[in-house]
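Single-structure report; data block below.
The values are calculated or read from the model by the stated rules, or taken from the named source; none is laboratory data. Keep in mind that what you see is a predicted model, and the values were worked out from it rather than measured. Neighbour counts run over all protein chains shown; Cβ positions are idealised from the backbone, glycine included. These area figures cover heavy atoms from the full protein model, side chains too; ligands, DNA and RNA do not enter into them. Shrake-Rupley method; radii C 1.70, N 1.55, O 1.52, S 1.80 Å.
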Amino acid sequence: MSLLVVGSVAYDGIETPFGKTDRILGGSATYISLTSSYFTKPVNLVGVVGKDFADEDIELLKSKDIDLQGLQIDNSGNTFFWSGKYHYDLNNRDTLDTQLNVFERFDPVIPEAYKDAKFIALGNIEPSLQSKVLDQVSNPGFVVMDTMNFWIEGTPDALKETLKKVDLLVINDSEARELANEPNLLKAAEIVMSMGPTSLIIKKGEHGALLFTGSEIFSAPAYPVIDIFDPTGAGDSFLGGMLGWLAYTDDLSSHNMRRAVIMGSVMASFCVEKFGPERLKDLTEKEIYDRYREFRELSEIPDFDEF
Ligand code: AMP
């Protein structure tokens, strides 16, 4: 099944306690497209880049069969640039610089050929732009969106409008608490789901993720990655792995949603092993499915024999 991905395509400057890079490919749509491309084809990317966007990055995306008809090249400026610094607690990062550049004028125009997409990933962009994407597609079957504190605080009304139109929201625990204005995570989940999405995933960084579907809750473990090098893109890789799996299987049962959450966790665990998207360039099917099985073993809870 084809998948439509809309979000940022960027260059990132990243500093972690383990190293530094001044400029590496990044952006939410980049990570979502790369990770989902391991499961489903075609992945149709809608975004904008500037005159400095390198040919080798275009080639990388193309090599993963990511369709770039929807990638606008705006020669009037440079590609969106973000830089951040992580400390030893890799869950927290300081944003050092955000240069919107051509992204400031981003107007997501969905090419005709993408309009019948069944699966749609709305990366973390302004909620009104996310809505604009949905206004252009004919009959979306399953829409997943990401957001962040910046939009929860800055454009709450537009965010709530968009939430009414999506099937699954993927956010982290602090965002869920802030959006619901409720400290208890279970109560917050209920409040967020009353805003529109029928399913919700709350990511808890290195502590796994919770999936809420109707009245069911699934708790996914976190993979104990020994060599966390750079957490940038982990959230987007989670979303890409998860939605890529759902698009590949075309099965939205709660059983398969659980598999999808683990597939998302698998792709996020690979993402953090190297800088930027480096580790996502040449994964093998065997590596992906082996890690999926490791996740299963990690949380297998033995039953009692005597009861
Ligand atoms: P994640 O680590 O999954 O939250 O995603 C990191 C990616 O988000 C980086 O590659 C950045 O280029 C991108 N990013 C950072 N700030 C923004 C922003 N304000 N809007 C869109 N994308 C952003």
* Asked: Would it be correct to say that Val266 is within 16 Å of the ligand (Cβ to nearest atom) and modelled with pLDDT under 95?
  -> no
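Among the listed residues Leu90, Leu34, identify the single one that is touching a residue at least 60 places away in the same chain (Cβ under 8 Å), within 16 Å of the ligand (Cβ to nearest atom) and either part of a loop (DSSP other than H, G, I, E, B) or of a type in the set (Asp, Glu) (or both). Even if it seems obvious, please write down each step before you answer.
Details: Leu34 fails: either part of a loop (DSSP other than H, G, I, E, B) or of a type in the set (Asp, Glu) (or both).
Unique residue meeting the criteria: Leu90.
Matching residues to (1) at pLDDT 95 or above; (2) farther than 22 Å from Met242 by Cβ:
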{"position": "Leu71", "(1), (2)": "yes, yes"}
{"position": "Asp89", "(1), (2)": "no, yes"}
{"position": "Glu112", "(1), (2)": "yes, yes"}
{"position": "Gly123", "(1), (2)": "yes, no"}
The residue that is farthest from the chain's Cα centre (by Cα), considering only those in the stretch 160-215 that are among the polar types (S, T, N, Q) and part of a strand (DSSP E or B), is Thr213
The residue that is farthest from the ligand (Cβ to nearest atom), considering only those in the stretch 216-237 that are farther than 30 Å from Val9 by Cβ and assigned to a strand (DSSP E or B), is Glu216
Flagged in the stretch 127-140 as at pLDDT 95 or above and either more than 19 Å from the chain's Cα centre (by Cα) or open to solvent by 30 Å² or more (accessible area, probe 1.4 Å) (or both), in numbering order, are Ser128, Leu129, Lys132, Asp135, Gln136, Val137
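Does the stretch 42-50 contain at least one residue that is over 18 Å from the mean Cα position of the chain (by Cα) and surrounded by fewer than 17 Cβ atoms within 10 Å (Cβ to Cβ)? Even if it seems obvious, please write down each step before you answer.
Restricting attention to the stretch 42-50, the residues satisfying the condition of being over 18 Å from the mean Cα position of the chain (by Cα) are 49-50.
Filter once more, so that each one left must be surrounded by fewer than 17 Cβ atoms within 10 Å (Cβ to Cβ): none.
Checked the stretch 42-50: no residue is over 18 Å from the mean Cα position of the chain (by Cα) and surrounded by fewer than 17 Cβ atoms within 10 Å (Cβ to Cβ).
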Residue pairs qualifying under the 6 Å Cβ cut-off, at least six apart or on distinct chains, with the first in the stretch 187-216 being on the phi < 0 side of the Ramachandran plot and modelled with pLDDT under 95 and the second being of a type outside the set (Val, Ile, Thr) and in a loop (DSSP other than H, G, I, E, B), are Glu206/Ala222; His207/Ala222
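Would you confirm, using the coordinates I've provided, whether Asp12 is within 16 Å of the ligand (Cβ to nearest atom), within 20 Å of Leu100 (Cα to Cα) and open to solvent by 20 Å² or more (accessible area, probe 1.4 Å)?
On the way: within 16 Å of the ligand (Cβ to nearest atom): yes; within 20 Å of Leu100 (Cα to Cα): yes; open to solvent by 20 Å² or more (accessible area, probe 1.4 Å): no.
No.
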By residue number, the members of the stretch 69-87 that are open to solvent by less than 10 Å² (accessible area, probe 1.4 Å), closer than 15 Å to Thr30 by Cβ and within 10 Å of the ligand (Cβ to nearest atom) are Thr79
Self-check item: Qualifying residue in the stretch 141-159 (condition: assigned to a loop (DSSP other than H, G, I, E, B) and either farther than 24 Å from Gly264 by Cα or more than 19 Å from the chain's Cα centre (by Cα) (or both))
Solution: yes
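Checking the condition more than 16 Å from the ligand (Cβ to nearest atom), modelled with pLDDT of 95 or more and part of a helix (DSSP H, G or I), which residue from Met242, Met257 passes?
Values: Met242 fails: more than 16 Å from the ligand (Cβ to nearest atom).
Sole residue among the options that is more than 16 Å from the ligand (Cβ to nearest atom), modelled with pLDDT of 95 or more and part of a helix (DSSP H, G or I): Met257.
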Given (1) open to solvent by less than 10 Å² (accessible area, probe 1.4 Å); (2) within 30 Å of Ser2 (Cα to Cα), Ala188 misses just (2)
Scanning the stretch 26-41 residue by residue, the ones that are among the aliphatic types (A, V, I, L, M) and open to solvent by 10 Å² or more (accessible area, probe 1.4 Å) total 0
A careful count of residues in the stretch 122-150 that are within 11 Å of the ligand (Cβ to nearest atom) and farther than 23 Å from Asn92 by Cβ gives 2
Checking Glu104, Glu178 in turn, the sole residue that is open to solvent by 60 Å² or more (accessible area, probe 1.4 Å), within 16 Å of the ligand (Cβ to nearest atom) and either at positive phi or without any contact (Cβ under 8 Å) to a residue 24 or more places away in the chain (or both) turns out to be Glu104
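With the condition kept exactly as written, say whether any residue in the stretch 274-294 is of a type in the set (Gly, Ala, Ser), within 16 Å of the ligand (Cβ to nearest atom) and surrounded by 22 or more Cβ atoms within 10 Å (Cβ to Cβ).
Initial filter on the stretch 274-294 (of a type in the set (Gly, Ala, Ser)): 276.
This time we only want the ones that are within 16 Å of the ligand (Cβ to nearest atom), so: 276.
Going one step further and asking which of them are surrounded by 22 or more Cβ atoms within 10 Å (Cβ to Cβ), we end up with 276.
Taking every residue of the stretch 274-294 in turn, at least one turns out to be of a type in the set (Gly, Ala, Ser), within 16 Å of the ligand (Cβ to nearest atom) and surrounded by 22 or more Cβ atoms within 10 Å (Cβ to Cβ).
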